[in-house]
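Take a look at the structure below.
The values are calculated or read from the model by the stated rules, or taken from the named source; none is laboratory data. All figures in this text were calculated on a predicted structure; none of them were measured in a lab. Cβ sites come from the backbone with ideal geometry, for glycine too, and all protein chains shown count toward neighbours. Protein only, heavy atoms only, side chains kept; ligands, DNA and RNA dropped before computing areas. Shrake-Rupley method; radii C 1.70, N 1.55, O 1.52, S 1.80 Å.
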Amino acid sequence: MTISEANTLLEMSPQWVCLECGYNMIGEMPDVCPFCGARRDCFLPWEAAEHQFRVTEFPVNDTVTQLLSVPKLGYEHAAYRIETAQGGVWIDAPSAFNRDLASVRAILFTHHHFMGASNQYRKLWQSEVWLHESDASQPLAKLFTVDHRFTESFSAFGIEAHHCGGHTQGFTFYIYRDALFICDYVFLTPAGMIFNPYGSERETRKQASFILEVLAKRPLLTVCGYNYVAPYTDWLPRFESLLTER
């Protein structure tokens, strides 16, 4: 498919972006956002969102770039671009669609909450979309095409994918060289850190122990979260302390 053909296909696809949370709704406009419950007066056609919001790159290290919408779009979850030996790969996808971004070979998802405009980027670039089967089967993901529905941990493009569950049944965190991609499993707060309160508290806490086992003795330097980038040496003690709290 040529870029021109892809653009034509995109123009024919109705899609709406919720300004409250950034969720993308495919097809006919619903009355309320299925993610956050905002009403339709908070929705913007994707074409208007493309002109209003620019997906902007912020370097993290030599191989990782953070992607954020400017101005902030909804909850504004960050996506990350990794330059691998096999080409560019995203961890999660921006909520805004900007067709002039550099293409990626694949989009690997931590979970189904932050699929953003991945369906449009997939159409434009023929990128492979990866999401755990448990999350790909959820209602929020049903209109998004998923090319690889994995069921266990794996390695691809030099990136380690570790399925842990917890926050969602299919939650998967990633490691590339010295960078950890943890998305919103935990939130940083002025007081320290808390587990994501949405989902099973018991499972989120339980699977945090598995995450620590995977991270043990890893020479990591950077943690890439859903709205932050932090030094691993600062992040790890906070994460460890959560397991001792009751």
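Worth a mention:
- GLY116 part of a loop (DSSP other than H, G, I, E, B) and in contact (Cβ under 8 Å) with a residue 40 or more places away in the chain: yes
- Members of region 105-143 found to be among the hydrophobic types (A, V, I, L, M, F, W, C) and open to solvent by less than 10 Å² (accessible area, probe 1.4 Å), listed by number: ALA106, ILE107, LEU108, PHE109, MET115, ALA117, LEU124, VAL129, LEU131, ALA136, ALA141
- TYR226 being within 21 Å of VAL64 (Cα to Cα), open to solvent by 30 Å² or more (accessible area, probe 1.4 Å) and out of contact with any Leu (no Cβ under 9 Å at 6 or more places or on another chain): yes
- When residues in region 222-246 are screened for being farther than 16 Å from PRO190 by Cα, part of a helix (DSSP H, G or I) and under 20 Å from the mean Cα position of the chain (by Cα), 1 of them pass.
- Lone unmet requirement of (1) assigned to a loop (DSSP other than H, G, I, E, B); (2) at pLDDT 95 or above for LEU67: (1)
- Candidates CYS36, CYS18, CYS42 - the one that is touching a strand residue (DSSP E or B) at 6+ places or on another chain (Cβ under 7 Å) and open to solvent by less than 10 Å² (accessible area, probe 1.4 Å): CYS18
- Top-ranked residue of region 184-202 - restricted to ones that are open to solvent by 50 Å² or more (accessible area, probe 1.4 Å) and either in contact with a helix residue (DSSP H, G or I) (Cβ under 6 Å, 6 or more places away or on another chain) or hydrophobic (A, V, I, L, M, F, W, C) (or both), ranked as nearest to TRP235 (Cα to Cα): LEU188
- Summed over region 203-221, residues that are surrounded by fewer than 17 Cβ atoms within 10 Å (Cβ to Cβ), in a helix (DSSP H, G or I) and in contact (Cβ under 8 Å) with a residue 40 or more places away in the chain total 3.
- Residues of region 150-183 that turn out to be surrounded by 20 or more Cβ atoms within 10 Å (Cβ to Cβ), without any contact (Cβ under 8 Å) to a residue 60 or more places away in the chain and not in a strand (DSSP E or B), as a count: 6
- Only listed residue being buried (at least 23 other Cβ atoms within 10 Å of the Cβ) and among the charged types (D, E, K, R), chosen from ASP100, ASP92: ASP92
- In the set (1) aromatic (Phe, Trp, Tyr); (2) in a strand (DSSP E or B); (3) surrounded by fewer than 24 Cβ atoms within 10 Å (Cβ to Cβ), the condition left unmet by TYR75 is number (2).
- Any hit, region 195-202, residues being in a helix (DSSP H, G or I), among the acidic types (Asp, Glu) and under 14 Å from HIS163 (Cβ atoms): no
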